[in-house]
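Written out below as structure tokens is the structure these notes cover.
The values are calculated or read from the model by the stated rules, or taken from the named source; none is laboratory data. On a predicted model such as this, the values are computed, not experimentally measured, just so you know. With ideal geometry, Cβ positions are generated from the backbone for all residues, glycine too; neighbour counts draw on all protein chains shown. For the accessible areas, the whole protein counts, side chains as well, though only heavy atoms, and no ligand, DNA or RNA atoms are used. Shrake-Rupley method; radii C 1.70, N 1.55, O 1.52, S 1.80 Å.
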Amino acid sequence: MIYDVIIIGAGINGCCSAYTLSHAGLNVALIDQDGIAAGGSGAAGAFISPKISKAGELKEIMAEAHAEALAFYTTHFPQFTLVKPLLHIANSPKEGEKVESFKDETHIKHSNIPHKIQSLLSDEALISPSIYFDIGAVVDAQGVCHAMVEGIDFYPIKVESLIQTDGLWQVGELRAKHLVLTIGAYPKLLPIDYVGLRGIWGHRIDSETSTHIPCILHHHVSISPTTKEGIVAIGATHDVHYSPFSGEAYDMEQGRAQLLEKASKTLKLNNINILKDYTGLRSGSNDYLPMLGNLVDAEATLEKYPHLKHGEKVESSEYIYYPNLTMINGSGGYGFVLAPYLSKRLSAFLVEGKELSPILSPSRFFPRWAKRQS
């Protein structure tokens, strides 16, 4: 079977890319050995929240991505999107400085915390620097990912090798001109060790509680508003040390206890009953910027430019890249915010031939890695 694009990885980046490219008129195949949103995306709280950061490239990208994500989900998937105010509370003095700076500079509408919300908060939360956004959102992670790929050919197969022949990428019996990798922190399918990624283990619990929560809360953990079904989600990328590839089992009970203990620093949850756990590995970049771009063929590039090993500069445009191969990765805990932004630009690149931003290119990690090969 021949497609225009094969996407490997059915987390939020893969599903959103499949949706966007399909709506742009391309014939898309989506592959994931474990199913739709079976990893970190399915365990995400899926909050559509701005990133509290100081001035710089990351702040500008995240501000644009946040605005695009709010419009995208509320327009295309309102049935899976709960729009509520959002209260972000600093969890440390350093975070407090960022919050105060962000309040002075942001154009996002924010106001004073209503009394009904103040009455829920702990003493620590009340005295910490905070910002109350009039509009935020939380998305049903599983629901929206499945809705995005409705009608798109999905293959639950394990990919062990990638082959390109006659200008087409081949994955099993499937072939396509373009290949898009959205595999997160899971094992790479090509020798691209230079790509700077860090896996972050995420855990979310869905629970019932007699405490009614009227807004989204971000503090030590993220807490959702009470849904119409009476569910409150509590989650965090709170364990940076655990890896599912270590061979050790994750301690679910300890993870639950940590989430509830951290939530108690924000407010008291009465009569809580845990309904379900979601866990998965999220992928962040080493410089906190997401990745969108072509991948360098490291062996071919070092063969052509061996002096890269000695730190001599070569323009990234001169590197040798795998043809018609693009990666989206490194979104960290902001996958649902960044996915519409990244997939929109991927579509403009593949369909309209628009250049991708060099700021987001995975090749930005290549020179430092190459120098270490000497």
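Which members of region 277-296 meet the condition of being modelled with pLDDT of 95 or more and out of contact with any Lys or Arg (no Cβ under 7 Å at 6 or more places or on another chain)? Hits for region 277-296 are 290, 291, 293, 294, 295, 296.
All of 185, 176, 257, 236 fail the test of being modelled with pLDDT of 90 or more and either under 23 Å from the mean Cα position of the chain (by Cα) or crowded, with 17+ Cβ neighbours inside 10 Å (or both), apart from 176.
Of all the listed residues (37, 43, 18, 29), the sole one being touching an Asp or Glu at 6+ places or on another chain (Cβ under 7 Å), touching a residue at least 60 places away in the same chain (Cβ under 8 Å) and open to solvent by less than 10 Å² (accessible area, probe 1.4 Å) is 29. The residues listed here are 250, 278; of these, the one that is assigned to a loop (DSSP other than H, G, I, E, B), in contact (Cβ under 8 Å) with a residue 24 or more places away in the chain, of a type outside the set (A, V, I, L, M) and surrounded by 14 or more Cβ atoms within 10 Å (Cβ to Cβ) is 250. The lone criterion from (1) out of contact with any Phe, Trp or Tyr (no Cβ under 8 Å at 6 or more places or on another chain); (2) surrounded by fewer than 20 Cβ atoms within 10 Å (Cβ to Cβ) left unmet by residue 220 is number (2). Taking the numbered list (1) more than 17 Å from the chain's Cα centre (by Cα); (2) outside any helix (DSSP H, G or I); (3) of a type in the set (A, V, I, L, M, F, W, C) in turn, residue 52 passes all entries but (1). If you filter region 111-158 down to residues that are among the β-branched types (Val, Ile, Thr) and under 22 Å from the mean Cα position of the chain (by Cα), you find that the one that is most open to solvent (accessible area, probe 1.4 Å) is 135. Scanning region 159-173 for residues that are in a strand (DSSP E or B) and open to solvent by 40 Å² or more (accessible area, probe 1.4 Å) yields 163, 164, 165, 170.
The residue that is modelled with the highest pLDDT, among those in region 78-110 that are buried (at least 17 other Cβ atoms within 10 Å of the Cβ) and in a loop (DSSP other than H, G, I, E, B), is 90. Could you list, in sequence order, the residues of region 202-217 that are under 23 Å from residue 331 (Cβ atoms) and either surrounded by fewer than 22 Cβ atoms within 10 Å (Cβ to Cβ) or at pLDDT 90 or above (or both)? Once the filter is applied, which keeps residues that are under 23 Å from residue 331 (Cβ atoms) and either surrounded by fewer than 22 Cβ atoms within 10 Å (Cβ to Cβ) or at pLDDT 90 or above (or both), region 202-217 yields 203, 204, 205, 206, 216, 217. Within region 338-349, is there a residue that is in a strand (DSSP E or B) and either open to solvent by 50 Å² or more (accessible area, probe 1.4 Å) or in contact (Cβ under 8 Å) with a residue 60 or more places away in the chain (or both)? Checked region 338-349: no residue is in a strand (DSSP E or B) and either open to solvent by 50 Å² or more (accessible area, probe 1.4 Å) or in contact (Cβ under 8 Å) with a residue 60 or more places away in the chain (or both). Counting the residues of region 288-332 that are surrounded by 13 or more Cβ atoms within 10 Å (Cβ to Cβ) and assigned to a loop (DSSP other than H, G, I, E, B) gives 9.
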